[in-house]
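The values are calculated or read from the model by the stated rules, or taken from the named source; none is laboratory data. Not measured: the values here are computed from a predicted model. For neighbour counting, all protein chains shown are included, and Cβ atoms are generated from backbone atoms with ideal geometry for every residue, glycine included. Protein only, heavy atoms only, side chains kept; ligands, DNA and RNA dropped before computing areas. Shrake-Rupley method; radii C 1.70, N 1.55, O 1.52, S 1.80 Å.
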Amino acid sequence: MNVPADLLYTKDHEWAKIEGDTVTIGITEYAQGELGDIVFVELPKKGADVSQGKSFGTIEAVKAVSDLFAPMSGKISEINSTLESAPEKINNSPFGDGWMVKIKMSDPGEKKNLLSAADYGKLISKE
Amino acid sequence: MDDPNTKKTALYNDHAALGGKIIPFAGYWMPVQYPTGIMAEHRRVRSTVGIFDVSHMGEFEFHGPEAEKFLNYLTINDVTKLTVGQVQYSAMCYPDGGMVDDLLVYRFADHYLMVVNAANLPKDRDWVLQHLPKQGVEFKDVSDDITLLAIQGPRSLEMLKPIITPDLEPLQYYHFFQGKVAGMDAIISRTGYTGELGYEIYLQRRHSKNLWDQLFAVGKRYDLEPIGLGARDTLRLEMKYCLYGNDIDATTNPLEADLGWITKLNKGDFIGRDAIMKSKAAGLTRKLVGFEVLDRSVPRHGYPIIKDGKAVGVTTSGNHSVMLGKGIGMGYVPTQSSAIGTELELDLRGSHHPIKIVATPFYNPPKN
């Protein structure tokens, strides 16, 4: 299972890539595998505020609907609009083309609540 | 928490070996999907052929001189219309018209077989036993002895014909015969839950592994794949086939559920008839309809259906249609808002999405 070392993770299987004050967010390879065929993602609008640990959208797979939880708090600066017509990108490239939103983070200190790649790898090996 | 009483079908190890994701369902460990995933499995059944282990289903035998009369009282369709070798879709109702279960009735030369939903098996058995006459009908629950495999898809006849005797080709929809599959005694039935050309094979549990392997051997050239419960659900939804517990239950009567075609109010007395006749005379207040979603959202069971800002109904099933590429669903709406073409809204976790009532089945398999 691919767990890139340069990312941080939530226990709900989102990943966060922090570059300056921008955080790119998606779901992990493990999560897309558990969800199966993804057919729709509901994302917030640009400018919306999100809070760490709170739902910022939903993801619909054929199997079920799941909430997306924000790894960090901040304001949505960009959404991956290509997912609207091609949600399967999340299945095919969860750490790449399947990214979901970028946020301008409001509290870099929240990083301490996220899991390292090593800890996340341990978490999914137990599930 | 895993229930230690959860049963395994005879093919449990085969599902695990194929990479099946196994979940507890209706008291059994059942494969919900295999590594190719629900959408690929769905397309497999619609394009060539797939195989489902549905051994969790329940089977009851009814023997004796009063069996026909009893079943005709217990079920809502007309059992007396069945010829030997014919299958009938039917249901059992409570006295208030609510549904105990939907089911199949098979007529053999000397007895009847009833096939019921796994999730309802104990309840159905109790219900039958509660009404069983003191004499004239012998009841046997043979569920644990029988393996049931469904082979469904446009190539299913081609695949099965060489290993089945007598000739499979003349077998008509909703008919069956007792014959041999790869040399093993079986009941071969042209029935299914997918809308495709397809067959269901009932055989003794001890033959399960042998048949499973032989079917994969002959199925190879048709790209036969195992299909899990996930695709079974998306396939039946595209046909608007009811799923007990979702679309029908003890609170729905068969007329509301659009099952008037199996509700034979003129056949004589049966359990639930008076209540169903009353609801018909009073005028049905709601109807189970099929709808499509007009944006990209995906409906599920239990979402409010909205008209003019007010909740007027509820969805009972829904998902992304693999073949149509859009959200489809079923739900109860007021009769006056049930016409095809009616536009309503769906409340998905607080946000409203437009839907339209459409003709069903949602998907029509090409005629074979």
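Summary table below
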| quantity | calculated |
| --- | --- |
| For the range A:19-127: relative contact order, % (alpha-carbon pairs under 8 angstrom, 6 or more apart) | 32 percent |
| Amide H contacts of B:Lys287 (H built 1.01 Å from N, under 5 Å, at least 5 apart or other chain) | B:Val333, B:Thr335 |
| Contour minus Cα-Cα distance for B:Tyr89 and B:Arg43 (0.36 nm per residue) | 14.0 nm |
| Protein heavy-atom accessible area occluded, A/B pair - total, 1.4 Å probe, Å² | 1300 Å² |
| Gained length - A:Asn92 relative to A:Lys54, 0.36 nm times residue gap less alpha-carbon distance | 11.1 nm |
| P(r) weight above 22 Å for the range B:241-358, C-alpha pairs, percent | 35 percent |
| Stokes-Einstein D (µm²/s) once Rh is taken as the Kirkwood radius of the range B:175-309 over alpha-carbon pairs, at 10 °C in 1.306 mPa s | 84 µm²/s |
| Contact order normalised by residue count of the range B:243-311, Cα under 8 Å, 6+ apart, percent | 32 percent |
| Per-residue ³J(HN,Hα) for the range B:138-148, Karplus 6.51 cos²θ - 1.76 cosθ + 1.60, θ = phi - 60°, Hz, x for Gly and Pro | 9, 10, 9, 8, 9, 3, 6, 8, 10, 9, 10 |
| Sorted largest first, extent of the protein assembly as shown alpha carbons per principal axis (Å) | 83, 55, 43 |
| Extension gain, B:Ile23 back to B:Gln204 (0.36 nm per residue minus Cα-Cα distance, nm) | 62.8 nm |
| Modelled FRET efficiency - R0 56 Å, A:Glu84 with B:Glu66, Cβ distances, 0.05 increments | 0.35 |
| Ranked order, A:Lys102, A:Lys111, B:Lys240 - accessible area, probe 1.4 Å, largest first | A:Lys111, A:Lys102, B:Lys240 |
| Residue mean of other protein chain beta carbons inside 10 Å, A:52-58 | 1 |
| Rounded FRET efficiency, nearest 0.05, which uses the C-beta distance separating B:Lys8 from B:Glu169 and R0 of 25 Å | 0.10 |
| Mean ellipticity per residue at 222 nm, deg cm²/dmol - from DSSP H runs of n ≥ 4 across chain B, formula -39500 (n - 2.57) | -5500 deg cm²/dmol |
| R0 of 60 Å, Cβ-Cβ distance B:Asp347-B:Gln135: FRET efficiency to nearest 0.05 | 0.65 |
| DSSP-assigned coil residues among trypsin sites (Lys or Arg not before Pro) in the range B:114-178, each with at most 13 further Cβ atoms within 10 Å | B:Lys134 |
| Protein accessible area in chain B, 1.4 Å probe - carbon and sulfur % | 51 percent |
| Magnitude of the charge dipole, the protein assembly as shown, Cβ model with Lys/Arg +1 and Asp/Glu -1, debye to 20 | 480 debye |
| Descending principal axes extents, the range B:217-289, alpha-carbon based, whole Å | 55, 25, 17 |
| Within the protein assembly as shown, percent of DSSP bridges classed antiparallel, to nearest 5 | 95 percent |
| Neighbourhood net charge (15 Å Cβ-Cβ; Lys/Arg +1, Asp/Glu -1) for B:Thr263 | -1 |
| Selection from A:Ser55, A:Phe95, A:Ser73, by position along the positive dipole direction of chain A (Cβ) | A:Ser73 |
| Fraction of antiparallel bridges per DSSP, chain B only, in percent to nearest 5 | 95 percent |
| Accessible heavy-atom area order of B:Glu169, A:Glu14, highest first, probe of 1.4 Å | B:Glu169, A:Glu14 |
| Chain B, relative contact order [Cα under 8 Å, separation at least 6], % | 17 percent |
| Assigned charges on the beta-carbon of Lys, Arg, Asp, Glu; the range B:241-358 dipole about Cα centre (debye) | 140 debye |
